[in-house]
1. Calculate one ³J(HN,Hα) per residue across region 42-58 by plugging θ = phi - 60° into the Karplus curve 6.51 cos²θ - 1.76 cosθ + 1.60, and present them in order as whole Hz with x for glycine and proline.
2. Tell me, what is the FRET efficiency for F73 and A26 to the nearest 0.05, using R0 = 41 angstrom and their Cβ-Cβ distance as r?
3. Can you tell me how much longer the chain between V80 and R34 gets when fully stretched, taken as 0.36 nm per residue apart minus their C-alpha distance, in nm with one decimal?
4. Work out how much length R103 to S56 would gain on full extension: take 0.36 nm times their residue separation and subtract the Cα-Cα distance, in nm to one decimal.
5. Estimate the FRET efficiency between R17 and T49 by the formula 1/(1 + (r/R0)^6), using the beta-carbon distance for r and 35 Å for R0, to the nearest 0.05.
Amino acid sequence: MLLTGVSVLARQVSEVRKVADKRLHATVAGAARRADPALPGDLVATLRTPEGSRFSESERLHRPPTQTTGPAFARALERVDEIGAYRLKPSQMPRNRMAALARYALGSKGGVAGAG
């Protein structure tokens with residue numbers, strides 16, 4: 001039995017990955033266009049880095065809050081409003097993601113809002 005060389009195998013894997021990437025991109029882009037025709041353009045705009053900034057809007061939104069102080073909580077609530085500006089509705093989020101967020105919230109050590 002003859003086996004192909006490593007370089008031939010690597011090239012074949014690379015070609016299969018390219019095809020899969022193109023198929024995934026087409027599927028996601030089509031779903032975004034069906035959900036809201038302006039959404040693809042809005043998402044691409046978040047990839048641009050504003051003048052004088054080190055990070056794109058997308059990178060900034062991907063960074064979670066890291067402090068558990070009152071001002072950090074206020075900034076986290078502002079983030080919720082910002083993300084809402086991208087037309088994200090809880091009903092559109094995958095159930096497993098909502099469940100993960102709920103588990104995280106239930107496990108937090110912060111007090112109940114409005115308690116006191």
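1. 5, 5, 5, 4, 6, 7, 7, 8, x, 4, x, 10, 8, 10, 6, 4, 4
2. Numbers: r = 40 Å, r/R0 = 0.98.
Given R0 = 41 Å and the Cβ-Cβ separation, E is 0.55.
3. On the way: separation 46, 0.36 × 46 = 16.56 nm, distance 2.41 nm.
Once the chain is fully extended between V80 and R34, it gains 14.1 nm.
4. On the way: separation 47, 0.36 × 47 = 16.92 nm, distance 2.91 nm.
Extending this stretch completely gives an extra 14.0 nm.
5. Working from the Cβ atoms, E equals 0.80.
Here, each number is a calculation from the coordinates, and none is a lab measurement. Quick caveat, the model's predicted, so the values are computed rather than measured. Positions of Cβ are backbone-derived with ideal geometry, glycine not excepted, and every protein chain shown enters the neighbour counts.
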